[in-house]
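Please read the structure below before turning to the comments.
No lab work stands behind these numbers, since they all come straight from the coordinates. No experiment lies behind these values; they were computed from the predicted model shown. Heads up, the Cβs are rebuilt from the backbone with ideal geometry, glycines too, and the neighbour counts pull from every protein chain shown.
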Amino acid sequence: MKKAMLKVEGILLDLDGTIVDSKEAYLEAAKTAFKTIGQRMVNTEIVMEIPKRLELKLPIDDLLKGSDASEFLDVYLKTYYQVAPVKAKPLPGISETLKKLSDKAKLALITMRRVPKEKVCEELEKFGLAKYFRYIITALDTDDPKPSPEALIKCARQLDIQICKCAVVGDSVADIRAGKNAGATTVAVLSGIFSYDELEREKPDLILESINQLPCFLNDQE
């Protein structure tokens, strides 16, 4: 079967689960938050369910055994934003992959972390990855984060590219929904916390094991 090739001028990339592995940060945040509400640590499945629910703006009350969700989330999010720059690690081969992608298209980074973009840039600088991105946008830079298309459209404007000529690449349902809402090409990667079945139901244009496979699916620009 012939491999589907994508011809795009811009690539809008998610951060957690797409470029960096954030699972240790999720674990640390959950441990701290559960301790705060007087509960013992739960299993890994529930730990990974929490960020899924938050991305999809779904309640987590049923995961907390009757404890106050607002208190839990306050501690969880504060802890996550504190430890993510330390606990999150670049996914294998990501620097080489970003170099290949930046040779084929303009790159921008979109994250739902509610932190200043300067903090994200510092994290990327530490890993030697910041140089590949022409623009970075966080949840603080939008009135309506993903799955709203607002951040994606802003990025496309900054790159001076029509959104329909961009690919949105991410590991979450929210990434794919945002891309579709914006009218962009959508690429799901399985390197994060969402399963193949969860992502496949959103009908992205492409599903890959990791972003490292993406350069092989891009046509060179003329």
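Give the average over all directions of the projected area of the C-alpha convex hull of the chain, one decimal, in nm². Write down the numbers at each step before the final one.
Working: hull surface 47.9 nm².
Across all orientations, the chain yields a mean hull projection of 12.0 nm².
Past 18 Å, Cα to Cα: identify those pairs from 7/104; 87/126; 117/154; 23/180; 23/104, in the order given. Write out the running numbers ahead of the final one.
Numbers: 7/104 9 Å; 87/126 13 Å; 117/154 14 Å; 23/180 26 Å; 23/104 30 Å.
Exceeds cut-off: 23/180; 23/104.
Work out, step by step, the length gained on full extension between residue 73 and residue 41: first 0.36 nm times the residue separation, then minus their alpha carbon distance; give nm to one decimal. Display every interim value, and only then the final one.
Details: separation 32, 0.36 × 32 = 11.52 nm, distance 1.50 nm.
Between residue 73 and residue 41, full extension yields 10.0 nm more.
To the nearest 20 Debye, how big is the dipole of the chain about its Cα centre, given +1 on the beta carbon of each Lys and Arg and -1 on that of each Asp and Glu? Kindly include the intermediate steps, with their values, before the conclusion.
Working: 33 positive and 35 negative charges, 68 e Å.
It works out to roughly 320 debye.
In degrees from 0 to 90, rounded to the nearest 10, what is the angle of the helix 150-159 Cα long axis to the longest principal axis of the chain?
With rounding to tens, the tilt is 40 degrees.
Can you tell me how much longer the chain between residue 117 and residue 162 gets when fully stretched, taken as 0.36 nm per residue apart minus their C-alpha distance, in nm with one decimal? Walk me through the numbers before you get to the answer.
On the way: separation 45, 0.36 × 45 = 16.20 nm, distance 2.30 nm.
Stretched fully, the residue 117-residue 162 segment lengthens by 13.9 nm.
Over the chain, what is the relative contact order in whole percent, taking alpha-carbon pairs under 8 Å and six or more residues apart?
Details: 385 pairs, mean separation 62.5, N = 222.
The normalised contact order for the chain reaches 28 percent.
Separation of region 153-187 and region 56-130 by C-alpha centroid, Å?
Centre-to-centre distance over Cα atoms comes out at 18 Å.
Suppose a student asked you for the relative contact order of region 23-116, using Cα pairs under 8 Å spaced at least 6 residues apart; what percent would you report?
Values: 59 pairs, mean separation 34.1, N = 94.
Once normalised by length, the contact order is 36 percent.
How large is ³J(HN,Hα) for each residue in region 135-141, as worked out from phi by the Karplus curve 6.51 cos²θ - 1.76 cosθ + 1.60 (θ = phi - 60°), to whole Hz, x for Gly and Pro?
Calculated HN-Hα couplings, in order: 7, 10, 9, 10, 5, 6, 9 Hz.
Looking at the chain, identify the longest residue range that excludes and avoids all trypsin sites (Lys or Arg not before Pro) in DSSP loops having at most 16 other Cβ atoms within 10 Å. Walk me through the intermediate numbers first.
Working: sites that count: 2, 3, 7, 40, 57, 65, 114, 134, 201.
Answer from the scan: 135-200.
Would you look at the GNM of the chain, springs on alpha carbons closer than 10 Å, and say which of 98, 54, 124 moves the most?
Comparing 98, 54, 124 in a Gaussian network model of the chain, the most mobile one is 54.
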